[in-house]
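*Asks:* Just passing along the structure, written as structure tokens.
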Amino acid sequence: MKPPSRVVLATNNPKKLAELRRVVESAELDVEVLGLSDLPRYPEPEETERTFQGNAMIKAREAARQTGEFAVADDSGLEVDELNGMPGVRSSRWAGPMGDDEENNELLLAQLHGVPADRRKARFHCALALVAPDGEELAWHGIMEGRIADAPRGENGFGYDPLFIPDRESRTTAQMTPEEKDTISHRGKAVRAFVAWLGGNR
Ligand code: ITT
């Protein structure tokens, strides 16, 4: 696939759109990034796959089909070794369908109650999918390794950030600035790999 000069990011999350725009701008590429709010609305597809890449593809395929544009979507979550890789694709709804971050964090801490530090390994995983209007597909991945803290710390970020301590760090990702987190995060890595591809071969 030849890198396109315009992509639509299939998310309603304004922070993700701003992040992709920031990375594209800093790479000084002549690529236009549209959000779903720039295009006519359509019903969001259900995320029914068991993998991050599978769910990212569902979102990107539907956006490409509905808009006729090159479409990018991401899916991400937390994999905890002691929980056999869960919450995984269920990260946002771990404690229930409403997707409450605080309840998710409380449940995760309860599930790891009494588990010693050397068995609290975890990672954030992000899959980024690109689907062309002709149906051709590509994917990139980013991973951030770390461990689950004993108690929440920090006010920044979202989701499980107050409980996640990256390798070689003593702080949680909720105690980092957004820029610090971007440089090491799963999403930052996947987005930069995609933007490197966008900038190549033009
Ligand atoms: P979409 O509309 O794009 O699907 P979302 O808010 O559901 O946005 P994700 O699918 O990327 O976002 O994230 C799934 C869940 O995984 C999210 O609700 C968090 O619980 C967790 N998660 C993912 N990335 C995270 C991060 O950087 N920091 C903390 N938690 C994260």
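*Asks:* Any residue in region 45-54 that is crowded, with 21+ Cβ neighbours inside 10 Å, within 10 Å of the ligand (Cβ to nearest atom) and under 25 Å from V195 (Cα atoms)?
*Replies:* yes
*Asks:* Report every pair of residues separated by at least 6 positions or lying on different chains whose Cβ atoms are under 6 Å apart, first residue within region 176-189 and touching a residue at least 12 places away in the same chain (Cβ under 8 Å) and more than 14 Å from F164 (Cα to Cα), second among the acidic types (D, E) and within 11 Å of the ligand (Cβ to nearest atom).
*Replies:* G188/D182
*Asks:* Given A190, A151, A132, which one is within 30 Å of E62 (Cα to Cα) and surrounded by fewer than 18 Cβ atoms within 10 Å (Cβ to Cβ)?
*Replies:* Values: A190 fails: surrounded by fewer than 18 Cβ atoms within 10 Å (Cβ to Cβ); A151 fails: within 30 Å of E62 (Cα to Cα).
After applying the criteria, what remains is A132.
*Asks:* Of the residues G77, G35, only one is touching a residue at least 40 places away in the same chain (Cβ under 8 Å) and not aromatic (F, W, Y); which?
*Replies:* When all the criteria are applied, what remains is G77.
*Asks:* Filter region 25-64 for residues that are within 21 Å of H186 (Cβ to Cβ) and of a type in the set (K, R) and give the result.
*Replies:* R50, K59
*Asks:* Listed residues D81, D30, D101; which is of a type outside the set (K, R), over 30 Å from W197 (Cβ atoms) and away from the ligand (no atom under 14 Å from the Cβ)?
*Replies:* D81
*Asks:* Applying the selection to region 155-202, what residues are more than 26 Å from G99 (Cα to Cα) and among the aliphatic types (A, V, I, L, M)?
*Replies:* Of everything in region 155-202, those that are more than 26 Å from G99 (Cα to Cα) and among the aliphatic types (A, V, I, L, M) turn out to be A193, V195, A196, L198.
*Asks:* Among the β-branched types (V, I, T), within 29 Å of K2 (Cα to Cα) and in contact (Cβ under 8 Å) with a residue 12 or more places away in the chain - does that describe any residue in region 106-126?
*Replies:* For region 106-126, residues among the β-branched types (V, I, T), within 29 Å of K2 (Cα to Cα) and in contact (Cβ under 8 Å) with a residue 12 or more places away in the chain: absent.
*Asks:* I would also like to ask the following. In region 108-139, what residues are closer than 30 Å to A73 by Cβ, charged (D, E, K, R) and in contact with a strand residue (DSSP E or B) (Cβ under 7 Å, 6 or more places away or on another chain)?
*Replies:* Of everything in region 108-139, those that are closer than 30 Å to A73 by Cβ, charged (D, E, K, R) and in contact with a strand residue (DSSP E or B) (Cβ under 7 Å, 6 or more places away or on another chain) turn out to be K121, R123, E137.
*Asks:* For region 7-27, name all the residues that are assigned to a helix (DSSP H, G or I) and within 9 Å of the ligand (Cβ to nearest atom).
*Replies:* First, pick out the residues of region 7-27 that are assigned to a helix (DSSP H, G or I): 14-26.
Across region 7-27, the qualifying residues are K15, K16.
*Asks:* How many residues are assigned to a helix (DSSP H, G or I) and surrounded by 17 or more Cβ atoms within 10 Å (Cβ to Cβ) when one looks only at region 80-91?
*Replies:* Residues meeting the conditions: 4.
*Asks:* Run R22 past the list (1) surrounded by 15 or more Cβ atoms within 10 Å (Cβ to Cβ); (2) modelled with pLDDT under 95; (3) over 19 Å from K189 (Cβ atoms) and report the number of the one that doesn't hold.
*Replies:* Result: R22 passes all but (3).
*Asks:* Follow-up. When residues of region 28-64 are filtered for being over 19 Å from R90 (Cβ atoms) and part of a helix (DSSP H, G or I), how many remain?
*Replies:* So the answer is 8.
*Asks:* Check off (1) of a type outside the set (F, W, Y); (2) at pLDDT 95 or above; (3) surrounded by fewer than 22 Cβ atoms within 10 Å (Cβ to Cβ) for V8 and give me the number that stays unchecked.
*Replies:* Of (1) of a type outside the set (F, W, Y); (2) at pLDDT 95 or above; (3) surrounded by fewer than 22 Cβ atoms within 10 Å (Cβ to Cβ), only one is false for V8: (3).
The values are calculated or read from the model by the stated rules, or taken from the named source; none is laboratory data. Being a predicted model, the structure only gives us computed values, none of them experimental. FYI the Cβ positions are ideal-geometry reconstructions off the backbone, even for glycines, and counts take in every protein chain you see.
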